[in-house]
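FYI, it's all coordinate maths here, none of it is from the lab. The shown structure was predicted, so the numbers you read here are calculated from the model rather than taken from an experiment. Neighbour counts run over all protein chains shown; Cβ positions are idealised from the backbone, glycine included.
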Amino acid sequence: MESLKINTETTTLVDLVEESLLKYIKEKNLKPGDRLLHEEELSEQLGVGRNVVREALSRLRSLGILDSRKRRGIVLQEPDIRKNLEKLINPQMLGRDTIIDLLELRYTLELGIIPTLLNRITDKDIKDLESILAKEVVLGEVRVSMEDELEFHSRMYAITGNQIIMDLQQMLIPMYRYIHDNYDEFDVFNNKIKKEKLQASHKDILQALRNRNKNEYEEVIRRHLMAYQLYIEEYRKMSS
């Protein structure tokens, strides 16, 4: 089969087979529920040993792309995107550049969901956010505990009704905790914002949501995340 030819420029034989299988799935336009060739057929078509094919198939199973079913053999299935990405987003295993990129992703997400958030928010959502706000533990004039910060923003993301957006936010939580626990220099920017009275609290965010005013909400959320923005810009400047 033309689609199962191996490109010998990749690192290992297992890598080659994995790459060829993914290419084959794409070119044949296979969908979840479709059956893949049996292991021995793949071995013959690819011209490699069954152990190599088995290892490549095992990798695809670990990604949730394939499943072995009784009487049907190897079947394609829809992978769990969140589960796969959660395996990769471990702050302790990531360099500072990657963590900054993920931090910028959070900032971009918060701004990107504004139209959807304001279009879909209901009175019940407002009441839920009010309940979260009422029990927040305030640290200083504007900062709240990490748990309260995460709960408030998670509830905001849930308003979008978009599972991928909600999953992305949840996947980034370990990074927020890591920065909170390990990056003391981040407080420099929080203190700067506090001194210049530029900070925006969850109370300010909630009021903007009550008003359903896009410009007001965007201005408030930018101020709420200003420490992130300043930290990112300073890091980019020092790295260039």
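Considering the chain as a Gaussian network with a 10 Å cut-off on Cα pairs, which listed residue, Arg72, Arg82, Arg210, attains the greatest mean-square fluctuation?
Arg72
First obtain the Kirkwood hydrodynamic radius of the range 188-240 from its Cα pairs, then insert it into the Stokes-Einstein equation at 10 °C and 1.306 mPa s, and state the resulting D in µm² per second as a whole number.
Numbers: Rh = 11.9 Å.
Rounded, D is 134 µm²/s.
Going by alpha carbons, how many degrees (0 to 90, nearest 10) lie between the helix axis of 186-195 and the longest principal axis of the chain?
Once rounded, one gets 30 degrees.
Are there GluC sites (Glu not before Pro) in the range 1-100 that DSSP marks as loop and that have at most 11 other Cβ atoms within 10 Å, and which are they?
Qualifying residues, ordered by number: Glu9.
So what's the projected area for the range 2-79, the Cα convex hull averaged over all directions, in nm²?
With every direction weighted equally, the projected area is 4.8 nm².
Under a GNM of the chain (C-alpha, springs under 10 Å), which listed residue has the highest mean-square fluctuation: Leu42, Leu105, Leu172?
Leu42
Jot down the radius of gyration and Dmax of the chain, Cα atoms only, both in angstrom.
Values for the chain (Cα only, Rg and Dmax): 23.6, 70 Å.
Measure up Lys87/Lys127; Lys31/Lys83; Lys127/Lys195; Lys124/Lys195; Lys31/Lys70 against 25 Å on the Cα-Cα distance and list the ones that go over.
Details: Lys87/Lys127 35 Å; Lys31/Lys83 20 Å; Lys127/Lys195 31 Å; Lys124/Lys195 35 Å; Lys31/Lys70 19 Å.
Distance filter (> 25 Å) returns Lys87/Lys127; Lys127/Lys195; Lys124/Lys195.
For Val144, enumerate residues with amide H under 5 Å from its amide H, sequence gap 5+ or separate chain, H modeled in the peptide plane.
Leu139
Too long at a 28 Å Cα-Cα cut-off: which of Lys135/Lys197; Lys194/Lys214; Lys194/Lys237; Lys203/Lys237; Lys135/Lys214?
Check vs 28 Å cut-off fails for Lys203/Lys237.
Helix 13-27 sits at what angle to the longest principal axis of the chain, using alpha carbons and giving 0 to 90 degrees rounded to 10?
80
Please compute the net charge surrounding Leu13, taking Lys and Arg as +1 and Asp and Glu as -1 over other residues with Cβ under 11 Å from its Cβ.
Charge balance near Leu13 sits at -4.
What angle, in degrees between 0 and 90 and rounded to the nearest 10, separates the Cα long axis of helix 214-224 from the longest principal axis of the Cα atoms of the chain?
Relative to the chain, helix 214-224 is tipped by roughly 90 degrees.
Under the definition of Cα pairs under 8 Å and six or more residues apart, what whole-number percent is the relative contact order of the chain?
17
How large is the Kirkwood hydrodynamic radius of the range 145-240, counting all unique pairs of alpha carbons, in Å?
14.7
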